[in-house]
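Asks: Here's a structure for you.
The values are calculated or read from the model by the stated rules, or taken from the named source; none is laboratory data. Nothing here was measured: the structure is a model prediction, and the numbers come from that model. Note that we place each Cβ from the backbone using ideal geometry, even for glycine, and neighbour counts take in every protein chain shown. The area values use the complete protein model at the heavy-atom level, side chains included, leaving out ligands, DNA and RNA. Shrake-Rupley method; radii C 1.70, N 1.55, O 1.52, S 1.80 Å.
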Amino acid sequence: MRMNRRNFIASLSLLPAALAAAVENSMPANKNVKWALSSALWNYQPNVPFTSILDVMKDTGFIGVRVTSFPQILQRYNMTQAQMLDEVTKRGLHVVTISWNFPAGDLEDPANRQKAVDSAQTAMKFLADFGANHLVVFSPNRDRPGANTPAAFAALCTCCNQIGELAGTMGFTAGLHNHMGQMVQTREEIDRFMAQVEPKLFGFSPDTAHLNLAGCDVVGTIERYKDRIHFLDYKDSKWTTPTTDWTQPNGKVLAKDSSQAKFFDSIYDLGDGEVDFPGCHRVLKSMKYRGWICVDLDTARTSPHADFERCGAYIVKKLQPIYM
C-alpha cells in the first residue's frame, strides 16, 4: 500500500504536463498547413473587443486571422494598425491576409482599374507589416449594371493581372476567391477567369463552401488548379431552407424566404455539411502544400468559441492523419 501511495503522489506532479499535452493534441498542429479563421463571423455577433477574437484563436489553436472589411475594421474595433500588430504579436498570432473587395466603379474605365490597383496596394502594405504575403481578391457583385457582359469580365481579368503584377513586386501573391453572388461564382466562370489571367501573375484562393453551393466538384476544382493555390478556405455547406426567420446573434432578423437566410442556414461546422475535406486534403498532400487554410464560419450555431473548437477537433481527427 505504501508503494502505491508513493506512486500516486509522484504521478500528481505529472498532471500539468499531461493536461498540456492533451490540450495541444486537441488543437490543429500548425505544421505544413497553418490554420486561420476569419473575422467575418464577428460581423454578425454582438460587439466585442478585437481581443475577444484573438482569445478565441488562442484557445482553439487557430493561429491566423483573415481580416475582413478593411480598413473599416480598424474603426469598428477602435484600434490602430500598430495596436492590432501589438495584440496579435504578444499572443503569438498572425494577421495572414485581407478579404479585399473592388472599389465601386466600372472596371472598363482605366481610371477605375487604377483606383482598384491602388486600393490593393494599400491592403498589401498593411499586410506586409504583419509579415503576410498573400492577398485574397473577391470579384465584384454580379448584379451590378453591366457586370455579366464579356467586356466587364475581360476588364476584371485585366485588372487582376495588374494587381498580380504589383503583388509580385511587393513579394506577394494574389488569388481569386470564388463567391456566390459575385462575378466569378460557377465552375464555368472560374475556368474562364483562370484562363484569362496570367498564371504567373494571379492565382486561386478557393472557398469550398461557395464551390459546393454553386454546384462545383469541390475536390476536382482544387485538383485542377492546385498549382495556382497559395491560400484557401475550408468552409462546409449544404443547401438548407430555413423553416423560420433567421435571427443573427446581433439581433438582426432575416426573413426565412430571403436568399440571405437560406445562405446562412446552409453554412455548417467542418464535417456537418457536404464538402469532401479529406479529398481536398489529399490534393494538398499531393502538392506538398505549405501555407494557410482559413476556416471561415458565417454562422456559429453554438458560439464562436464552441464552433471553432469543434472545427479544430475535426481537423485533428479527420484531416491531420492525411496531411498536416
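Asks: Work the Kirkwood hydrodynamic radius out for the chain: mean of 1/r over every pair of different alpha-carbon atoms, inverted, in Å.
Replies: Its Kirkwood hydrodynamic radius stands at 20.9 Å.
Asks: Sticking with this one: Go through H230, H281 and list them by solvent-accessible area, largest first, probe radius 1.4 Å.
Replies: H230, H281
Asks: Further question on the same structure: Find the accessible area per residue for region 195-324; the probe is 1.4 Å, ligands and nucleic acids are left out, and the unit is Å².
Replies: 44
Asks: I've got another one for you. Would you mind counting up the charge near D106? Only other residues with Cβ under 12 Å from its Cβ, with Lys and Arg at +1 and Asp and Glu at -1.
Replies: Combined, the nearby Lys, Arg, Asp and Glu give +1.
Asks: Net charge near A195: determine it from the other residues with C-beta under 12 Å of the C-beta of A195, scoring Lys and Arg +1 and Asp and Glu -1.
Replies: -1
Asks: Between A195 and K31, what is 0.36 nm times their sequence separation minus the Cα-Cα distance? Round to one decimal in nm.
Replies: Stretched fully, the A195-K31 segment lengthens by 55.8 nm.
Asks: At V253 and N148, where each label point lies 7 Å from the Cα along Cα→Cβ, what is the point-to-point distance in nanometres?
Replies: That separation, rounded to one decimal, is 3.2 nm.
Asks: Based on the Cα gyration tensor of region 222-324, what are the three equivalent ellipsoid semi-axes, each the root of five times an eigenvalue, rounded to whole Å and given largest first?
Replies: Semi-axes (√(5λ), whole Å): 29, 15, 11.
Asks: Still on this structure: Using a 7 Å offset from Cα along Cα-Cβ at Q72, what residues in region 240-262 end up with backbone N under 19 Å from the label point?
Replies: The answer is 248-254, 260-261, whose backbone nitrogens lie closer than 19 Å to the label point.
Asks: At what distance in nm do the modelled label points of A306 and T51 sit from each other, each positioned 7 Å from its Cα along Cα→Cβ?
Replies: Simple spin-label model gives 2.6 nm for this pair.
Asks: Do any of K31/K317; K226/K317; K238/K285; K34/K285 go past 20 Å between their Cα atoms, and which?
Replies: K226/K317; K238/K285
Asks: If contacts are Cα pairs under 8 angstrom and at least 6 residues apart, what is the relative contact order of the chain in percent?
Replies: Here the relative contact order equals 20 percent.
Asks: In region 187-265, what trypsin sites (Lys or Arg not before Pro) fall in a loop by DSSP, with at most 11 other Cβ atoms inside 10 Å? Present the calculation step by step, with values, prior to reporting the outcome.
Replies: On the way: sites: R187, R192, K200, R224, K226, R228, K235, K238, K252, K256, K262; in loops: K200, K235, K238, K252, K256.
Those satisfying the criteria are K200, K252.
Asks: Report the label-to-label distance for D276 and T186 in nanometres (one decimal), using points 7 Å from each Cα along the Cα→Cβ vector.
Replies: 2.3
Asks: If you don't mind, there's one more thing I want to ask. Using Cα springs under 10 Å in a Gaussian network model of the chain, which residue among Q114, Q248, Q72 shows the largest mean-square fluctuation?
Replies: With Cα springs under 10 Å in the chain, the top fluctuation among Q114, Q248, Q72 is at Q72.
Asks: When Lys and Arg each count +1 and Asp and Glu each count -1, what net charge do the other residues less than 13 Å away from T244, Cβ to Cβ, add up to?
Replies: Numbers: positive: K256, K262; negative: D245, D257, D265.
Surrounding charge for T244 is -1.
Asks: Are there DSSP H segments in the chain that both extend 24 Å or more along their axis (alpha-carbon positions) and score a mean Kyte-Doolittle hydropathy of at least -0.5? List them, or say none.
Replies: Answer set is 110-128, 150-169.
Asks: At a 1.4 Å probe radius, carbon and sulfur cover how many percent of the accessible area of the chain? Present the calculation step by step, with values, prior to reporting the outcome.
Replies: Numbers: 7800 of 14960 Å².
Percent of accessible area from carbon and sulfur atoms in the chain: 52.
Asks: For region 103-149, with every protein chain kept in place, what is the accessible area per residue (1.4 Å probe, Å²)?
Replies: Value for region 103-149: 48 Å² per residue.
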